[in-house]
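The values are calculated or read from the model by the stated rules, or taken from the named source; none is laboratory data. Remember, predicted model here, so these are calculated numbers, not experimental data. Reconstructed Cβ throughout: ideal geometry from the backbone, glycine too, with neighbour counts over all protein chains shown. Remember, those area values only see protein heavy atoms, side chains included, never the ligands or the DNA or RNA. Shrake-Rupley method; radii C 1.70, N 1.55, O 1.52, S 1.80 Å.
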Amino acid sequence: MLLIPTVTPIPLITDANGVVRISKTRITLDTVVTAYLEGATAEEIGEQYPSLHLKDIYFVIGYYLGHQAEVDAYLRERQRLAAEVQQEAEKRFNPIGVRDRLLARRNPQG
């Protein structure tokens with residue numbers, strides 16, 4: 001039997017909001033790479049996210065290892081945007097005293 005190597009595309013897509021996701025799932029590149037960097041194996045990532053195929057997890061990890069600088073820059077930008085969104089939300093909805101306000105709603109006589 002003759003083995004013929006083929007090229008398999010990396011299972012990543014960029015959605016309309018510029019978020020890179022694993023093809024045919026809602027799982028983001030951020031999620032897989034962060035889990036990998038925290039020490040999770042591909043198998044452990046697959047157990048945590050059953051919608052991912054093991055081969056796709058390995059492809060994504062391999063892509064990260066081959067394009068680490070670009071992916072790290074993408075992840076930093078995503079973290080920066082998330083911090084902006086959080087700051088904006090905290091300006092609009094002050095988190096201080098949330099628990100007390102919610103409890104007051106629950107028990108108006110209290």
* Asked: Once the other residues with Cβ under 12 Å from the Cβ of Val98 are scored (Lys, Arg +1; Asp, Glu -1), what is the net sum?
  -> +1
* Structure fact -> Expressed as a percent, the accessible surface of the chain that is carbon or sulfur, using a 1.4 Å probe and the full set of protein chains, is 56
* Asked: Going from most exposed to least, what order do Leu37, Leu3, Leu52 have by accessible area with a 1.4 Å probe?
  -> Leu3, Leu37, Leu52
* **Cα centre as origin, Lys/Arg/Asp/Glu Cβ charges: the chain dipole, Debye** => 640
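Probe radius 1.4 Å, ligands and nucleic acids left out: which of Ser23, Ser51 has the largest accessible area, and how do the rest follow?
Details: Ser23 35, Ser51 65 Å².
Reading off the accessible areas and sorting them downward yields Ser51, Ser23.
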* Accessible area expressed per residue, the chain, with surrounding protein chains retained (probe 1.4 Å, Å²) -> 79
* To do: Keeping all protein chains in position, work out how much accessible area Glu84 exposes to a 1.4 Å probe, and write it in Å² to the nearest 10.
  => 90
* Structure fact -> Taking Cα atoms only, helix 54-66 is inclined relative to the longest principal axis of the chain by an angle, in degrees rounded to 10, of 90
* Mind grabbing the accessible area of His67 for me, 1.4 Å probe, Å², rounded to tens? => 70
* With a sphere of radius 13 Å drawn around the Cβ of Glu38, what net charge do the other residues whose Cβ falls strictly inside it have (Lys, Arg +1; Asp, Glu -1)? -> -2
